[in-house]
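Worksheet: one structure, shown below.
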Amino acid sequence: MINGIHGMFYSSEPEALREFLRDKLGLPAKDVGHGWLIYDFTQADMGVHPTLPPMGDPGGPPSGTHSVSFTCADIAKTVEELKGRGVEFATEIEDRGYGLVIELEMPGGVRIDLYEPRY
């Protein structure tokens, strides 16, 4: 039986990104050998969205595209805390109807949404 979801970032700066996730974002990490860190979450969810209107932009991601976001309960408080740790953001907090979203920057040119869902 499936009991979780596994995600992966590919980065030109893997060591820096691993440290960023552990030290700047505070994600709990375990070393599974040879410096490979795995980050465990207590909560995960997954959805499926159409690629055409009304949910999607016709010029948006094609079918087969994947998306990963970090979630939080209070985006304003989380953003302030992360800025205090030196995390930089590519956008401002935006209300998208389904929740509040901001994009943060990580080593190796990796960007990810931080998301406060409304459900």
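In table form, for the structure just shown:
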| read-out | value |
| --- | --- |
| Test: residue 26 is surrounded by fewer than 11 Cβ atoms within 10 Å (Cβ to Cβ) and on the phi > 0 side of the Ramachandran plot | no |
| Among the candidates 26, 4, 47, residue that is among the small types (Gly, Ala, Ser), under 25 Å from residue 105 (Cβ atoms) and modelled with pLDDT under 90 | 47 |
| First in the range 66-82 and farther than 21 Å from residue 47 by Cβ, second anywhere and assigned to a helix (DSSP H, G or I), Cβ under 8 Å, 6 or more apart | 82/24 |
| Residue in the range 18-47 that is farthest from the chain's Cα centre (by Cα), counting only those that are β-branched (Val, Ile, Thr) and part of a loop (DSSP other than H, G, I, E, B) | 32 |
| Exclusive hit being small (Gly, Ala, Ser) and within 23 Å of residue 119 (Cα to Cα), set 73, 90 | 73 |
| Which listed residue, of 114, 82, is within 16 Å of the chain's Cα centre (by Cα), at negative phi, at pLDDT 90 or above and assigned to a helix (DSSP H, G or I) | 82 |
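The values are calculated or read from the model by the stated rules, or taken from the named source; none is laboratory data. This one's a predicted model, so the numbers in the text were calculated from it and none came from an experiment. Ideal geometry is used to build each Cβ from the backbone, glycine not excepted, and the neighbour counts take in all protein chains shown.
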